[in-house]
Amino acid sequence: MSKKTYATAIRDVIAEEMRRDENVFVMGEDIELLGGIFGCTRDLYKEFGTDRIRNTPISEAAMIGAGVGAACAGMRPIVELMYMDFTLVAADQIINQAAKTRYIFGGKAKIPLVIRGQQGIGRGNAATHSQSLETIFMHFPGIKVACPSNAADAAGLLRTAIRDDNPVMFFEHKALYASKFEVPDDPDFCIPFGQAEIKRTGKDVTIVGSLLYVSRALEAAAELEKMGIDAEVIDPRTMVPFDMDTIIESVKKTGKLVVVHEAHKVAGWGAEVASQVVDGAFKYLDAAPIHLGAKACPLPFNIELENAVVPSVQQIVEAAKKVCYR
Amino acid sequence: MISKEQKLWIYEIMNKIRYFELKALRLFEENKLRGSVHLYAGEEAVAAAVCAQLTDDDYITSTHRGHGHCIAKGAQLDKAMAELMGKETGYCKGRSGSMHIADFTKGNLGANAIVGGGIPIATGAALAAKLQKNDKVAVSFFGDGASNEGTFHESLNLAAVWKLPIIFICENNGFGISVPVAQSTSVENISDRAVGYGIPGVTVDGNDVFAVYEAFETAVKRAKAGDGPTLIECKTYRTLGHWTGDPQTYRDKKDVEMWRDTKDPIQLFKKVLVDAGDFTAAELDAIEEAAKVEADAAAEFAINSPNPDPADVMDDVFYDA
Ligand SMILES: Cc1ncc(C[n+]2csc(CCOP(=O)(O)OP(=O)(O)O)c2C)c(N)n1
């Protein structure tokens, strides 16, 4: 094990996978000399050269489309987006092309493509640079979606993503890059997609959160403990495929569910989780599940406003109390 | 020909922009201001020489590096600085921060944090002007890097086939963040791209107020005559980092010093004005001093302004009649 930041864990996995497989390469804006604005490719051009650590023009649709094409032609591209918000500039290439190519060609194509970058609140980047977009990419069949909440998950999930023969959207969180975590040294350390992690076991209420909301759910659980409520906290880790079984098993035990995410609440993935829990564990539920997410409002610049838009630890605590009738 | 009155206005605007930017940098370094702040110092001639020829009825769209365009299009320094600090008194009530300042009353359709995001919007404003036959023009400011986005190419073609009254102003400052233009861009001059759309493309020295002014004057005439768009590339240089806090390891300090010390657009313009006998150095120094005072006052205003009330956060998502 080595203690590493989330950013270093990502960088190390990219380097190891590039050593292991010469078809792996990275393209993105400012990833050579600058090493990406969060340092996820820092100095890698020195080892791999600028053919494989490749600066692109500011042309997201072409970058991602070229990733799809290169993947069809036998490469394993990783496309770095400086902000995942820019997926929207290239939405056609992701949603109409990458996600559908294999299916519409009758299973003939293989698209081993990773699109990775960061999203979320925390740096005062305002409406077009602070969104949480994992939900919208879950909606379209054909793309896998990963959301690592710590450095070890980032390493294990990214390695799985790079070795996967499907397009994977890899959502990092800007507020997590400096956070440190023990990461296994094994160069084959992979976390399979579709395996949620129980971050804290508890018997009274199940709280599901991802990315930044894993630590916020754990903070809420610590508060709840003081009130005698024993919360179980679950991080799905990948959104496609989604490990519903672990959540349903947990709800069968606790009888209560709170789902929380930074993405907008309306049509957010928390609603899907609540719906499936109602389907799969209806008779175990002691209370209607509560789903928390950002208000139906763009992310404002001012920090107090930004905090007012996304769910707070206190709101998670209140929701858990409510489903526990406390 | 630039009138004496316009020369004075341009000189004043350039100084306002410069001192606003230096003040914003200071506030950022003192942790009084956060977020992504992209400063325009060194590029002031472009915004000033272009906006000197626009009225409040004409439109502009701007970029992430937008303070200069906003100020030249009539923004008050105090309300702009308050926006940078996220205050209720700011242009966008603290919702926007540095990257999305807009003032529709002055025809400023907004800075835009999405590279290339403003180019089609200015094109649409030009379409409205054409449909309304009101003689207005639209200007889209954008960087060299933005000329590699699809929006740039699609907008030039659209504006050309529809002969829209728009002027595309590319501020080529040599870099897109850390990437030099030659590494990301297929042509030597961004203006070469105009050929592909059948419109005039010109390259001018973007640090020379007179060169920018004249190229823009010709382009506005063409736009107003119904002959369609022009692409003007202004070659310039940003003398500060890409953002506040940029270590700038991707460029040679000597280049920065050379541009800052020998090609500063404000100093170059000042010299011409004084040499031509238009104004005395003392007159111009007084304008500079006033800009400095105004920027300081803007910072004071912003610091002393209230934060927006989180209870109002849902206001303005939709228009409510
Ligand atoms: C669609 C999109 N892609 C990438 C970015 C990140 N980004 C912000 S500024 C910038 C460089 C822009 O370069 P240029 O257009 O030349 O303008 P300059 O910053 O040099 O003024 C980049 C890549 C963005 N904001 N939007």
Q) With the dipole of segment B:4-301 worked out from charges on the C-beta (+1 for Lys and Arg, -1 for Asp and Glu) around the Cα centre, which of B:Leu268, B:Asn134, B:Ser184 lies farthest toward the positive end? A) B:Asn134
Q) If you place +1 on the Cβ of every Lys and Arg and -1 on the Cβ of every Asp and Glu, how big does the dipole about the Cα centre of segment B:65-182 come out, in debye to the nearest 20? A) 360 debye
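Please report the carbon-and-sulfur percent of the accessible area for segment A:272-326; probe 1.4 Å, protein heavy atoms only, DNA, RNA and ligands left out.
Numbers: 1450 of 2620 Å².
That fraction is 55 percent.
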Q.
If you take each beta carbon of peptide A:58-70 and count the beta carbons of other chains within 10 angstrom, what is the mean?
A. 3
Q: Only bridges with both residues in segment A:2-183 count here: give the DSSP antiparallel percent, nearest 5.
A: 15 percent
Q: Search the structure for amide H atoms under 5 Å from the amide H of A:Val145, placed 1.01 Å from N in the peptide plane, and list their residues when 5 or more places away or on another chain.
A: A:Met169, A:Met239, A:Val240
Q) From the residues B:Gly206, B:His100, B:Ile287, which one has its Cα farthest along the dipole of segment B:4-301 in the positive direction, the dipole being from +1 and -1 charges on Cβ of Lys/Arg and Asp/Glu about the Cα centre? A) B:His100
Q | 1.4 Å probe, heavy atoms, protein only - residues of segment B:31-55 losing at least 30 Å² accessible area vs chain alone | A | B:Arg34, B:Gly35, B:Ser36
Q) Does segment A:102-201 come out rounded, prolate or oblate by the C-alpha gyration tensor, with a ≥ b ≥ c the root eigenvalues, rounded set by a/c under 1.5 and, if not, prolate when a/b is larger than b/c and oblate if not? A) oblate
Q: For segment B:284-321 and segment B:188-265, compute the distance between their C-alpha centroids and round to whole Å.
A: 29 Å
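Give me a single rounded figure for B:146-152: the average over its residues of other chain Cβ atoms within 10 Å of their Cβ.
Values: counts 1, 3, 6, 7, 6, 2, 2.
The per-residue average across the peptide is 4.
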Q.
I need to check one value: relative contact order of segment B:4-301, counting alpha carbon pairs closer than 8 Å and at least 6 residues apart, in percent.
A. 22 percent
Q. Normalised by the number of residues in chain A, what is the relative contact order in percent for Cα pairs under 8 Å and 6+ residues apart?
A. 16 percent
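Which entries in the list A:Lys46/A:Lys174; A:Lys199/B:Lys32; B:Lys93/B:Lys254; A:Lys295/B:Lys106; A:Lys110/A:Lys253; B:Lys136/B:Lys235 go over 29 Å, if you measure between the two C-alpha atoms of each?
On the way: A:Lys46/A:Lys174 25 Å; A:Lys199/B:Lys32 37 Å; B:Lys93/B:Lys254 40 Å; A:Lys295/B:Lys106 31 Å; A:Lys110/A:Lys253 41 Å; B:Lys136/B:Lys235 26 Å.
Where the Cα-Cα span goes over 29 Å, the pairs concerned are A:Lys199/B:Lys32; B:Lys93/B:Lys254; A:Lys295/B:Lys106; A:Lys110/A:Lys253.
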Q: Just report the Cα centroid separation between segment A:45-72 and segment B:49-75, whole Å.
A: 35 Å
Q) Taking amide hydrogens as modeled 1.01 Å from N in the peptide plane, which residues meet the under 5 Å criterion relative to B:Arg65, leaving out close sequence neighbours? A) none
Q. Heavy-atom accessible surface, probe 1.4 Å, ligands and DNA/RNA ignored: which residues of segment A:295-311 lose at least 50 Å² versus the isolated chain?
A. A:Phe301, A:Asn302, A:Glu304, A:Leu305
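If I take R0 = 45 Å and measure r between the Cβ atoms of A:Asp92 and B:Ala276 in this structure, what FRET efficiency does the formula 1/(1 + (r/R0)^6) give, to the nearest 0.05? Each step should come with its number before you reach the end.
Details: r = 54 Å, r/R0 = 1.20.
So the FRET efficiency works out to roughly 0.25.
What FRET efficiency would be calculated for the residue pair A:Arg20, B:Glu29, taking the C-beta separation as r and a Förster radius of 51 Å, to the nearest 0.05? Display every interim value, and only then the final one.
Working: r = 43 Å, r/R0 = 0.85.
Efficiency, from the Cβ-Cβ distance: 0.75.
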**Q.** Sequence-distant lysines (8 or more away, or on other chains) whose Cα lies within less than 17 Å of B:Lys130
**A.** B:Lys163, B:Lys221, B:Lys224
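When ligands, DNA and RNA are left out and all protein chains stay put, how many square angstrom of accessible area per residue does chain B have with a 1.4 Å probe?
Details: 13060 Å² over 321 residues.
Computed with neighbouring chains in place, this is 41 Å² per residue.
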**Q.** Distance histogram in 10 Å bins (all Cα pairs of the protein assembly as shown, percent per bin)
**A.** 3, 15, 24, 24, 18, 10, 4, 1, 0
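Suppose we keep just the DSSP beta bridges with both residues in the protein assembly as shown; what percent of those would be antiparallel, to 5? It would help to have the intermediate numbers written out before the result.
Details: 12 of 66 bridges.
Antiparallel bridges: around 20 percent, rounded to the nearest 5.
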Q: Classify segment A:1-145 as rounded, prolate or oblate from the Cα gyration tensor: take a ≥ b ≥ c as the square roots of its eigenvalues, call it rounded if a/c is under 1.5, otherwise prolate when a/b beats b/c and oblate if not.
A: oblate
Q) Karplus couplings for segment B:221-238 from phi (6.51 cos²θ - 1.76 cosθ + 1.60, θ = phi - 60°), rounded to Hz, Gly and Pro as x? A) 4, 4, 4, 6, 7, x, 8, x, x, 9, 9, 10, 9, 10, 7, 8, 7, 8
**Q.** Of all accessible heavy-atom area on segment B:25-167, the percent that carbon and sulfur account for (1.4 Å)
**A.** 53 percent
Q: Could you sort the residues of segment B:172-209 by number and keep only those whose accessible area is reduced by 10 Å² or more in the all-protein-chain setting relative to the chain alone, 1.4 Å probe?
A: B:Gly176, B:Ile177, B:Ser178, B:Val179, B:Gln183, B:Ser184
Q.
For segment A:173-296, what does the accessible surface come to per residue with a 1.4 Å probe? Please give it in Å².
A. 41 Å²
Q) Considering every residue in B:83-95, what mean count of other chain Cβ atoms within 10 Å of its Cβ is obtained? A) 3
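When a/c is below 1.5 the answer is rounded, else prolate if a/b is larger than b/c, else oblate, so apply that to chain B with a ≥ b ≥ c taken from the square roots of the Cα gyration tensor eigenvalues.
Cα axes put chain B in the rounded bin.
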Q) Along the charge dipole of segment A:85-191, Cβ charges K/R +1 and D/E -1, which of A:Gly107, A:Phe181, A:Ala146 sits furthest on the positive end? A) A:Gly107
Q) What stretch of chain B, leaving out the sites themselves, is the longest with no chymotrypsin sites (Phe, Trp or Tyr not before Pro) in a DSSP loop having at most 11 other Cβ atoms within 10 Å? A) B:1-317
Q: Please give the total accessible area that chains A and B bury against each other, computed with a 1.4 Å probe and expressed in Å² to the nearest 100.
A: 2700 Å²
Q. Non-local amide H neighbours of A:Arg76 (under 5 Å, H modeled in plane, Pro and chain starts lacking H): which ones?
A. A:Val24, A:Phe25
(Q) Could you give each residue of segment A:50-59 its phi-based ³J(HN,Hα) in whole Hz, using Karplus coefficients 6.51, -1.76, 1.60 with θ = phi - 60°, and x for Gly or Pro? (A) 8, 6, 9, 10, 10, 5, 10, x, 7, 8
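The values are calculated or read from the model by the stated rules, or taken from the named source; none is laboratory data. Remember, predicted model here, so these are calculated numbers, not experimental data. As a convention, Cβ positions derive from the backbone with ideal geometry for all residues, glycine included, and neighbour counts pool all protein chains shown. Side chains are part of the model used for accessible areas, which takes the heavy atoms of the whole protein and leaves out ligands, DNA and RNA. Shrake-Rupley method; radii C 1.70, N 1.55, O 1.52, S 1.80 Å.
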